[in-house]
Amino acid sequence: MTFAPWTAIRPRQSQAYQTRDVFCMSKTAFIPSVPAASEDDFDISTTSRLVGYRRFFGVLKVVRTTDGRVLFPFDGAPELGPYPTKLEAVAAAQVYGEHIVTSDLARPEL
């Protein structure tokens, strides 16, 4: 048997490296979306983070407590800032959170 330098030698794969299809059930239960009735049905938490010298960004999380759905942050959510002070960043995050709550009360995201 002759060996040509341009041919590739492929090693045999053992069973340990073969892929297997594994199917498993999700352990999280399905919770149907329940629209909120009032502003008391939301949990808004705000804080800020420092990025560089005197650059504060607001950090916001809005959760609808009736079904536990996180309304903010979401994929592609805008950054809240930069602001020159921590107080301004937290205030901007609070205002944006209240805007999300009033929008969800008007048209619930189900």
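The values are calculated or read from the model by the stated rules, or taken from the named source; none is laboratory data. Just so you know, these numbers come straight off a predicted model, no measurement behind them. FYI the Cβ positions are ideal-geometry reconstructions off the backbone, even for glycines, and counts take in every protein chain you see.
Restricting attention to the range 82-102, report how many residues are within 15 Å of D41 (Cα to Cα) and either touching a strand residue (DSSP E or B) at 6+ places or on another chain (Cβ under 9 Å) or of a type in the set (D, E, K, R) (or both). Result for the range 82-102: 4. Scanning the range 37-51 for any residue that is assigned to a loop (DSSP other than H, G, I, E, B), closer than 13 Å to L105 by Cα, of a type in the set (S, T, Y) and modelled with pLDDT under 95 turns up at least one such residue. Picking from residues in the range 50-94 that are among the aromatic types (F, W, Y) and without any contact (Cβ under 8 Å) to a residue 24 or more places away in the chain, the one that is surrounded by the most Cβ atoms within 10 Å (Cβ to Cβ) is F74. When residues in the range 53-99 are screened for being part of a loop (DSSP other than H, G, I, E, B), modelled with pLDDT of 95 or more and either in contact with an Asp or Glu (Cβ under 8 Å, 6 or more places away or on another chain) or among the β-branched types (V, I, T) (or both), 1 of them pass.
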